[in-house]
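Remarks on the structure that follows.
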Amino acid sequence: MEHIVIIGNGIAGITCARHIRKNADAKITVVSAESEYFFSRTALMYVYMGHMKWDHLKPYEDWFWEKNRIELKKALVDNINFEEKTLHFSSNEKMNYDKLVLATGSVYNKFGWKGQELKGVQGLVSKQDLELLEENTRDCNKAVIIGGGLIGVELAEMLKTRNIDVTFLIREKAFWHNVLPLQDAKLISDQIRSHGVDLRHETEIDKITGDQKKGVTAVFTNSGEEIKCQLVGLCTGVRPNIDFLKNSRLETDKGILVDEFLQTNIKEVYAIGDCAQLKQPASNRKPIEAVWYTGRMMGETLAQTLTGNTIKYKPGNWFNSAKFFDIEYQTYGQVSAKPGQNEKQFHWQHKDKTKAITIAFEPTSKKFLGINTFGIRMRHPIFNRWLNEEQKIDHVLANLKQANFDPEFYTSYEKEIFKSFKENLQNP
Ligand SMILES: Cc1cc2nc3c(=O)[nH]c(=O)nc-3n(C[C@H](O)[C@H](O)[C@H](O)COP(=O)(O)OP(=O)(O)OC[C@H]3O[C@@H](n4cnc5c(N)ncnc54)[C@H](O)[C@@H]3O)c2cc1C
């Protein structure tokens, strides 16, 4: 029987394994050094905040794997002999495969700052990082978070629930302004500050100080300010976890290079999820998309190919969601942080600063390009359809009610949104 081995038990690897099992009788082994069972990485924060227990993060009961004949192996792969089709584990064991799926996820960035290896300096990606955070925050009353991405804001929320004072340093002039348009970014900056976080815009780290025994004691900013602290959160993004694959004949760049079939340069070796880098991404899409939905979609697609129905990876319309303290965020299609000439944006914001919408469209054709929503839940299939149908902005606005989970919201604000749109964009 054919042996398919998957390295990585995250959303990409596990989705792939489940869908292979639906279609084929192959022997499937999933290897991971991090945890015995698949867990929801996006919910890690809730364990720290006490809203969930570790076991609640497991989407499947433990019996699921045996019942579905998916073998789980907790082990670290040190290296791979692609000629012999053999994995070498740190325990000196070996495992042979017929087909190999690399779904090794991400690690957090370290940019060579002085002091980055001190005790109390860490990122948040893995189960082990969460355990370390518990240890590092046992006697901590002050933390500095560096980097304004999705993980940074989650870490700020987590630490605040333990009454730890947080200073949050970000390079941009508003939170996540490398992804969000300025008005949206400012809304989130206000939200973060309203929770008592000392958010500093346009501020970068110069160095981290401390000593080997005590660990970190302070962060110095690029303006020379010293901020005393016992924890430094490194949240300046993630990168593909591929260091152990570097000196092999596997083609890599930032990630593992794959074609449209998610195939690497080596026959019968594939890569999916955060670690995969598409050689030719679809227009307006990035070659590496380190998000949950992309991992799931790649896993589903590859399972088809591995079970005889060879198909290309088609990412569809961009979609993502996150939470910034109390504000839920969803995005569909393209809403650029800094729109060019071919994109116009309309922004509406409720005066309580917890609800907002930014809609992007092409100024000449009026084609709807995408939407960001804050504090308002939208229906994914409806935006997906409007994007596929290339609907006009007027159609989207006129039918926004259909896309909303909370009809009362539109009863109250629909007129205001329309009026604001007309004033902002239609009257020169
Ligand atoms: C705190 C946090 C919050 C997030 N929130 C969101 C969110 O709100 N929305 C969103 O879309 N995305 C979010 N993400 C990103 C999302 O979780 C990832 O994109 C997704 O989990 C990646 O899945 P994956 O299957 O590619 O890899 P992973 O889930 O990282 O799994 C890879 C696995 O492979 C294992 N592995 C790697 N190398 C080896 C080796 N050599 N030997 C053995 N095992 C190995 C790793 O230990 C790991 O267990 C968040 C991420 C984090 C960390």
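Structure above, values below:
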quantity	calculated
Any hit, the range 46-60, residues being in contact with an Asp or Glu (Cβ under 9 Å, 6 or more places away or on another chain), within 15 Å of the ligand (Cβ to nearest atom) and either open to solvent by 30 Å² or more (accessible area, probe 1.4 Å) or over 24 Å from Glu251 (Cα atoms) (or both)	yes
Verdict on Ala26 being more than 20 Å from the chain's Cα centre (by Cα) and either without any contact (Cβ under 8 Å) to a residue 12 or more places away in the chain or near the ligand (Cβ under 8 Å from one of its atoms) (or both)	no
Matching option when the condition is of a type in the set (Gly, Ala, Ser) and within 30 Å of Lys85 (Cβ to Cβ), among Gly233, Gly273, Gly224, Gly237	Gly273
Pair list, Cβ under 6 Å, 6 or more apart: the range 61-72 residue touching a residue at least 60 places away in the same chain (Cβ under 8 Å) and in the same structural domain as Ile14 (by TED's automatic domain parsing), other residue exposed (fewer than 11 other Cβ atoms within 10 Å of the Cβ) and assigned to a strand (DSSP E or B)	none
Within the range 145-212, strands (runs of 3 or more DSSP E) holding 2 or more residues that are free of Cβ contacts under 8 Å to residues at least 60 places away in the same chain, in contact with a Phe, Trp or Tyr (Cβ under 8 Å, 6 or more places away or on another chain) and under 16 Å from Leu234 (Cα atoms)	198-200
Qualifying positions in the range 283-304 - more than 16 Å from the ligand (Cβ to nearest atom), surrounded by 14 or more Cβ atoms within 10 Å (Cβ to Cβ) and within 22 Å of Asp253 (Cβ to Cβ)	none
Test set (1) farther than 23 Å from Met297 by Cα; (2) open to solvent by less than 40 Å² (accessible area, probe 1.4 Å) - Leu76 fails condition number	(2)
Top-ranked residue of the range 305-322 - restricted to ones that are over 23 Å from Leu387 (Cβ atoms) and either in contact with a Leu (Cβ under 7 Å, 6 or more places away or on another chain) or free of Cβ contacts under 8 Å to residues at least 60 places away in the same chain (or both), ranked as surrounded by the most Cβ atoms within 10 Å (Cβ to Cβ)	Thr305
Residue in the range 361-370 that is surrounded by fewer than 18 Cβ atoms within 10 Å (Cβ to Cβ), among the β-branched types (Val, Ile, Thr) and not in a helix (DSSP H, G or I) present	yes
Index of the failed condition, Ser283 passing every other in (1) of a type in the set (Ser, Thr, Tyr); (2) modelled with pLDDT under 95; (3) outside any loop (DSSP other than H, G, I, E, B)	(3)
Residues being touching a residue at least 60 places away in the same chain (Cβ under 8 Å) and either more than 12 Å from the ligand (Cβ to nearest atom) or of a type in the set (A, V, I, L, M) (or both) - total across the range 253-282	9
Lys279 vs. criteria under 17 Å from Leu102 (Cα atoms) and touching an Asp or Glu at 6+ places or on another chain (Cβ under 8 Å)	yes
Residues within the range 93-143 that are in a loop (DSSP other than H, G, I, E, B) and within 14 Å of the ligand (Cβ to nearest atom), tallied	10
Residue among Leu155, Leu245, Leu250, Leu182 that is within 14 Å of the ligand (Cβ to nearest atom) and surrounded by fewer than 21 Cβ atoms within 10 Å (Cβ to Cβ)	Leu250
Tabulated pairs, the range 284-298, first within 19 Å of Tyr332 (Cβ to Cβ) and free of Cβ contacts under 8 Å to residues at least 60 places away in the same chain, second within 6 Å of the ligand (Cβ to nearest atom) and open to solvent by less than 30 Å² (accessible area, probe 1.4 Å), C-beta under 6 angstrom, 6+ apart or interchain	Val291/Asn320
The listed residue being within 18 Å of the chain's Cα centre (by Cα) and open to solvent by less than 50 Å² (accessible area, probe 1.4 Å), out of Gly149, Gly120	Gly149
Positions within the range 200-233 being under 28 Å from the mean Cα position of the chain (by Cα) and closer than 20 Å to Leu133 by Cβ, in sequence order	Ile205, Ile208, Val216, Val219, Cys229, Gln230, Leu231, Val232, Gly233
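The values are calculated or read from the model by the stated rules, or taken from the named source; none is laboratory data. From a predicted model like this one, the values you see are computed outputs, not experimental measurements. Quick reminder, even Gly has a Cβ in these numbers, built from the backbone with ideal geometry, and neighbours come from all protein chains shown. Areas reflect the complete protein model, heavy atoms only, side chains present, ligands, DNA and RNA absent. Shrake-Rupley method; radii C 1.70, N 1.55, O 1.52, S 1.80 Å.
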